[in-house]
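What follows is one structure encoded as structure tokens, with my remarks underneath.
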Amino acid sequence: MHYGLGVFVIVGSLALHLAERQYHIGALIALKLEASKYESCKSRGASIVSGKILSVCSLDAQWNEALFTEAVIYDSSDELANKDRHYSARWRAAALSLEPQAPFSQYSFEAYPLGRHYYLVTFNYDTSSIL
């Protein structure tokens, strides 16, 4: 009985991990297929500090029926990865300067790492900003 439960937990955990990766597969494919677009994104955007850049690479301007939209954002400081949401004052200023490209000041957001400092950021219309 315990063996079966252990296998179930492991398989369930792997299935959840694969489902999460599947959800981000479109953004991952875009990074590969449109590499030059995303590479150029690195050189434009808001300066954070010491050559660190925060830039909006792409934004889905259409809010879907679930009241969220997504953007691919380049953050060479990787502060978007902070799960505790403690962002430096300079990062906050850079994020707020990206309006209206990315609505950091208007809505809450979740960031999912895509690798190489790129993040898929989901802005939620029905929640207030965390900045």
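What follows is calculated from the coordinates using simple rules that are stated; it is not laboratory data. Keep in mind the model is a prediction, meaning the values are calculated, not measured. Backbone-built Cβ (ideal geometry, glycine too); neighbour counts: all protein chains shown.
Brief remarks follow.
- Protection proxy ranking for 69-79, 91-101, 32-42, using the average of other Cβ atoms within 10 Å per residue and placing the highest first: 69-79, 91-101, 32-42.
- Kirkwood hydrodynamic radius over Cα pairs of the stretch 75-131, then Stokes diffusion coefficient at 10 °C and 1.306 mPa s, in µm²/s: 137 µm²/s
- Cα extents of the stretch 29-131 along the three principal axes, largest first (Å): 33, 33, 23
- J(HN,Hα) series, the stretch 81-89, from Karplus relation 6.51 cos²θ - 1.76 cosθ + 1.60, nearest Hz, glycine and proline x: 6, 5, 6, 7, 6, 9, 9, 5, 4
- Proximal lysines to Lys42, defined as alpha-carbon separation beneath 22 angstrom and excluding residues fewer than eight positions away on the same chain: Lys32, Lys52
- Nonlocal amide H pairs with Asp78, under 5 Å, H built at 1.01 Å: none
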